[in-house]
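Taking it in order: structure first as C-alpha cells, then the write-up.
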Amino acid sequence: MRLTKENKQDIEKYILNSIDSENYNIILENEKQKLEFVYNTFINEFGFRIKQIGLYSAFSEYLQGLPSCINIDFYNYKILELAQSWGQEVETEKQQDKVINQWFDFITNQFFKLCKKYKIELKEV
C-alpha cells in the first residue's frame, strides 16, 4: 500500500489518539511523551520477548494482547473501515484477509516510524 501524505497524517493521528495513560495516572502533554510512555510500558510489561523474537515482532505481539496503554482497534470490520479510509483496497475477500492478517504488524511499523520522527530513544532490554 502506498500511503499519501494525508494517509500518513491520519495514521499518525490514529495512533497518537489511541494512547491512553488514564489507568496509569500519568498526564502526557505531547506526542513525544505519548510515544515514550507506550514504548516504556511495552518494555516493562513485555520486553522479555524482544530477545526471543525481535523488537518488531514482540511489539506486534504485545499489541495483539490489547494493552491498556494503547487502544488499537481489533474488530475485523473496524480494521477494514480504517484501512479503506487510508487508501487500502479491501473489496475482495483476499484483500480483506491480507489487511486483517497484517494489521498489528502494520501498526507496529507505523508506531516505530513515529518514534523515529519524534526522536524517541529506544532503550535496550
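Every read-out reported here was derived from the displayed coordinates using simple, explicitly stated rules and does not represent laboratory data. It should be emphasised that the depicted structure is a prediction, and the values quoted were computed from it without experimental measurement. Methodologically, a virtual Cβ is constructed for each residue, glycine included, from the backbone with ideal geometry; neighbour enumeration extends over all protein chains shown.
How much net charge surrounds residue 61 when only the other residues with a Cβ under 11 Å from the Cβ of residue 61 are counted, with Lys and Arg +1 and Asp and Glu -1? Intermediate results must be reported in sequence, preceding the final value.
Numbers: positive: 49; negative: 105.
So the surrounding residues net to 0.
One-quarter of the Cα convex hull surface for the range 1-75, in nm²?
Hull-based average projected area comes out at 6.0 nm².
Give or take rounding to whole Å, what are the principal axis extents of the alpha carbon atoms in the chain, in descending order?
Principal extents (largest minus smallest coordinate, Cα): 40, 32, 25 Å.
Quick one: how many lysine pairs does the range 5-117 have with C-alpha atoms less than 19 Å apart and a gap of 8 or more or different chains? Give me the count, please.
Summing the qualifying lysine pairs gives 24.
Expressed in nm to one decimal, what extension gain is obtained for the pair residue 125 and residue 32 from 0.36 nm per residue of sequence separation less their Cα-Cα distance?
Between residue 125 and residue 32, full extension yields an extra 31.5 nm.
Run the dipole for the chain about the Cα centre, Lys and Arg Cβ at +1, Asp and Glu Cβ at -1, nothing else charged, and hand back the magnitude in debye, nearest 20.
480
Using Cβ contacts closer than 10 Å as the measure, can you line up 53, 27 from fewest to most?
With the fewest neighbours first, 53, 27 line up as 27, 53.
Check residue 19: other-chain or 5+ apart residues with amide H under 5 Å from its amide H, H built from backbone geometry?
So residue 19 has HN proximity to 71.
Mind listing the phi-derived Karplus ³J(HN,Hα) values for the range 12-29, rounded to whole Hz, using 6.51, -1.76 and 1.60 with θ = phi - 60°, and x for any glycine or proline?
With the stated coefficients, the range 12-29 comes to 4, 4, 4, 5, 5, 6, 7, 6, 9, 9, 4, 5, 9, 6, 10, 9, 9, 9 Hz.
Within 10 Å of each candidate Cβ there may be at most 10 other Cβ atoms; applying that plus a DSSP loop requirement, which chymotrypsin sites (Phe, Trp or Tyr not before Pro) in the range 33-89 survive?
Answer in residue order: 75.
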